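Here is the structure we will look at.
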Amino acid sequence: MSSDLPLAMTPVDSPIPQGTEVTLDEHATFLDRDLVSGGSPWRLLRLTGASRAVAGRWQGGGVVRAGEERFARTLVQQGLLHPHFAGTFNSGEIDVIVPVFDNVASLRVLLGQLTGFHVTVVDDDSLNAFDVATCADEFGATLLRLDRNQGPAHARNVAGVASTREFLWFVDDDVSMSSANDVAQRLHVAFADPLLAVMAPRVCGPEGSSIRDRFEQRFSPLDMGERGGLVVPGGPIGFVPSACLMVRREAFGEGFDETLRVGEDVDFVWRLVDRGWLVRYDADVVVKHRARATWRAWWLQRKGYGASSADLAQRHGKRLAPLRADPWTLLAWLSVLAGQPAWGARIVRSARNHARDRFFASADDPNRVSNEVVVRNVVRAGGPLARGLVRTFGVVFLIAALHPRLRTRALSVMAFGTAWRWRHHRFHVTDLPLAIADDLAYGVGVLEGAWATKSLRALTPAVTKSSMGVREALGITSSGHRRD
């Protein structure tokens, strides 16, 4: 296993330079004269006086002026502000690292697209080693031949540790891009931020005519969506895949955890974040990743992702929880599921009143702010909670649906959690069986991983703390009477 990654410098020592163009995150919302919500992970931030005015000026784009450098850095670290750096691009600073195992046809396509870059091909003990070597030589790539297959993490580390270039660009052999130079340039420019360790593009499935290809194009497991921003555990973008990553060599250290054959990218990113580095995802930069060639390989890929959650949970604890919420949000939705929506409504109303009286009493409109923060967040939590349940426990819900008394509720959760996939996509009937199979494969993998590690960490929900007590949640006054 790789040792700890290098520490990043402290944010206070690296303010955003004066003159840098910045944009306030489009999902940041001013709830009141001095309250803003948003960021990664979501938070409430109180900005007063000049800070509020400066943040407002950065909506839609602005420039960091003298005296605003440290404030800009604070918002960048919280995912509320996005810097846009300008700089020159030098491909000579980049070492492209391509691990390969037998996939010569895809390797040849990729190397043709990477013309002009220094490329290191790492042959991870391929059976057709001669063909791999011939292909690498044809395109002038450096070849590193490993005599034992130890997985992609080891292959990347061998080349990454040996490289002396400033940036490492890890690209899987089944990735393709219309313009490698454009992708590299757009990723590279962001490293003007000295705290940035990793830049990742959006990885989509390629166009294809089969049902599987079309599903992959819309729901590739490597696609982190159309919203860019900071990559933070528990945030809107929780991780990025290693299929295409540009990494600052200074932050790479000894690299990926070689004991992980799957999930090593999640672990690598989270360890970087824990060491103070920033990881950023740019959804406007798109590369393609080939789907699995057979249904069996497709199923095993999804199941493998699920199985990796057990090993990751051993290292990162509650970050791998299948769902996360405060106790009252969970109880509110469980009340609805149990057929008692009135109880759920009472809990939400009590939580709103608690937040209004304790946190937002000084707001211009306490009721509006508390409704926006509490009520809307509880309601919005329903979809992700159902999605998390179906993704991890889909098999359990299908078994529960065989029982007459549980059938309606189990199928309701399955329907809601499955349908949540299409909140940003047009529905296609042919996607439905694949969506169900995708979730079932992942869930089976999670259960197998938990069994193999004899640990329930990846199956245990993370219940966050709440400042509201039981009496308040039930609407009971200090005298023991229930509020209306």
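Quick notes on this one:
- Answer residue from segment 18-44, given it is touching a Leu at 6+ places or on another chain (Cβ under 7 Å) and among the hydrophobic types (A, V, I, L, M, F, W, C) and is surrounded by the fewest Cβ atoms within 10 Å (Cβ to Cβ) among those: LEU44
- Failed condition for ALA297, given (1) surrounded by fewer than 19 Cβ atoms within 10 Å (Cβ to Cβ); (2) assigned to a loop (DSSP other than H, G, I, E, B); (3) aliphatic (A, V, I, L, M): (2)
- The set of residues in segment 98-116 being under 17 Å from ALA243 (Cβ atoms) and in contact with a helix residue (DSSP H, G or I) (Cβ under 6 Å, 6 or more places away or on another chain) consists of PRO99, VAL100, LEU107, GLN113, LEU114.
- Residue ID - surrounded by the fewest Cβ atoms within 10 Å (Cβ to Cβ), chosen from residues in segment 374-395 that are under 23 Å from the mean Cα position of the chain (by Cα), closer than 19 Å to MET468 by Cα and of a type in the set (Val, Ile, Thr): VAL379
- Qualifying position, being closer than 27 Å to GLU216 by Cβ and crowded, with 18+ Cβ neighbours inside 10 Å, among VAL183, VAL109: VAL183
- Considering residues of segment 78-94 that are surrounded by 16 or more Cβ atoms within 10 Å (Cβ to Cβ) and among the polar types (S, T, N, Q) only, the residue modelled with the highest pLDDT: GLN78
- Count - residues of segment 224-261 that are among the hydrophobic types (A, V, I, L, M, F, W, C) and over 19 Å from ALA192 (Cα atoms): 9
- Cβ-Cβ contacts under 9 Å between residues 6 or more apart (or on different chains), taken from a first residue in segment 104-128 that is closer than 20 Å to SER163 by Cα and of a type in the set (Gly, Ala, Ser) to a second residue that is crowded, with 22+ Cβ neighbours inside 10 Å and modelled with pLDDT of 95 or more, are listed as GLY116/ALA180.
- Restricted to segment 40-106, the set of strands (runs of 3 or more DSSP E) holding at least 1 residues that are assigned by TED's automatic domain parsing to the domain that holds VAL198 and among the charged types (D, E, K, R) comprises 94-100.
- For ALA53, the criteria (1) loosely packed, with under 15 Cβ neighbours inside 10 Å; (2) in contact (Cβ under 8 Å) with a residue 40 or more places away in the chain hold in every case but one, which is (2).
- Scope segment 277-294; condition part of a loop (DSSP other than H, G, I, E, B) and under 17 Å from the mean Cα position of the chain (by Cα); matching residues: TRP277
- Exactly one residue out of LEU402, LEU398 is under 17 Å from VAL446 (Cβ atoms) and either of a type in the set (A, V, I, L, M) or surrounded by 15 or more Cβ atoms within 10 Å (Cβ to Cβ) (or both): that is LEU398.
- In segment 1-39, the residues that are under 22 Å from the mean Cα position of the chain (by Cα) and either part of a strand (DSSP E or B) or aromatic (Phe, Trp, Tyr) (or both): THR23, LEU24, THR29, SER37, GLY38
- Among residues of segment 447-469 being part of a loop (DSSP other than H, G, I, E, B), touching a residue at least 60 places away in the same chain (Cβ under 8 Å) and under 22 Å from TRP328 (Cα atoms), the one that is farthest from the chain's Cα centre (by Cα) is MET468.
- Tabulated pairs, segment 301-315, first in contact (Cβ under 8 Å) with a residue 40 or more places away in the chain, second part of a helix (DSSP H, G or I) and of a type in the set (Lys, Arg), C-beta under 6 angstrom, 6+ apart or interchain: ALA313/ARG457
- Of all the criteria given as (1) buried (at least 23 other Cβ atoms within 10 Å of the Cβ); (2) of a type outside the set (Gly, Ala, Ser); (3) touching a helix residue (DSSP H, G or I) at 6+ places or on another chain (Cβ under 6 Å); (4) closer than 26 Å to PRO15 by Cα, the one not satisfied by PHE170 is (4).
- Scanning segment 215-244 for residues that are under 20 Å from ARG421 (Cα atoms) and among the small types (Gly, Ala, Ser) yields SER220, GLY225, GLY228, GLY234, GLY235, GLY238.
- Filtering LEU5, LEU45, LEU24 for residues that are among the aliphatic types (A, V, I, L, M), at pLDDT 95 or above and under 23 Å from GLY238 (Cβ atoms) leaves a single hit, LEU24.
- Filtered residues of segment 436-446 (kept if surrounded by 19 or more Cβ atoms within 10 Å (Cβ to Cβ) and touching a residue at least 60 places away in the same chain (Cβ under 8 Å)): ASP438, ALA441, TYR442, GLY443, GLY445, VAL446
- TRP333 falls short of the stated requirement of being assigned by TED's automatic domain parsing to the domain that holds GLY234, of a type outside the set (A, V, I, L, M) and touching a residue at least 40 places away in the same chain (Cβ under 8 Å).
The values are calculated or read from the model by the stated rules, or taken from the named source; none is laboratory data. Keep in mind that this is a model prediction, so the values were computed, not measured. Positions of Cβ are generated from backbone atoms using ideal geometry, with glycine treated the same way; all protein chains shown enter the neighbour counts.
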